[in-house]
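The values are calculated or read from the model by the stated rules, or taken from the named source; none is laboratory data. The structure presented is a predicted model; accordingly, all values stated were derived computationally and were not measured. The area values use the complete protein model at the heavy-atom level, side chains included, leaving out ligands, DNA and RNA. Shrake-Rupley method; radii C 1.70, N 1.55, O 1.52, S 1.80 Å.
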Amino acid sequence: MRPFSGHHAPDPREITVGPLDLAARVDDALAVQALAFGLTDDEIAVRHHIVLRHFAAPSTRALGATTQEGRLVGFVYGMPNDRTQWWSTVVQPYLRQEGNDGWLSDSFVVTELHVHPAFQHRGVGRRLITELVSAATEPRSLLSALDRESPARALYRSLGYHDLARRVRFPSAPSPYAVMGAWLPLR
């Protein structure tokens, strides 16, 4: 993904948030994620398969943030939680240890949320996540984020998410994660 020309990215008020066919735009989405999260080409290749597998589930919903020219500058997707899915099986022991494994039932999981660096801190991520979970029928939402203070964690807290488990280790992830939960609707 090429950087935006000039000194400033387009005005975030000119960004449209709407349904995203993630299967058709997986490469664009992963390019945004690579820039936002600092992924290597090998990590992108692994995530390509994961995103397509997730999006094949009929209950998965995705939104994209696009410029007037149709360029994807952010995306979010999620699905109702299923305790048999890989993510749930990894986080469940950590949540149980904290007395929070009940959160895995009847929750909507925000699987990925990424915004192009030129659009971060401008409300795009907030719009994406709030619009995605506003359509959830579940009473609460879960997500995982790197377990360190960051703008992303501050955003999640401002929306009502709180830590349910910390120092969660995902296989092959070099850094620990925190699992966060919020009652819906978000603040």
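Here are a few things to note about the model shown:
- Our summary gives segment 113-187 a relative contact order of 35 percent, counting only alpha carbon pairs under 8 angstrom and 6 or more residues apart.
- Here the sum of -39500 (n - 2.57) over DSSP H runs of 4 or more residues, divided by the residues of the chain, equals -9500 deg cm²/dmol at 222 nm, to the nearest 500.
- Ordering 129, 50 by accessible surface, largest first, gives 50, 129; the 1.4 Å probe counts only protein heavy atoms, with every chain in place.
- Across 13, 61, 126, the residue with the most accessible area heads the list, and the full order at a 1.4 Å probe is 13, 126, 61.
- Three-way shape call for segment 84-143 based on the alpha-carbon gyration tensor, with the a/c threshold at 1.5: prolate
- From the C-alpha gyration tensor of segment 97-183, square roots of 5λ in Å: 20, 18, 11
- Residues whose amide H comes within less than 5 Å of that of residue 111, counting only those at least five positions distant or on another chain, are 77, 78, 79 (H built at 1.01 Å from N in the peptide plane).
- With the whole protein complex present, residue 77 retains an accessible surface near 0 Å², based on a 1.4 Å probe.
- Rounded accessible area of residue 21 (nearest 10 Å², 1.4 Å probe): 90
- Over 30 Å [Cα-Cα, the chain], rounded percent: 14
- Note on residue 60: accessible area is roughly 20 Å² with a 1.4 Å probe, heavy atoms of protein only.
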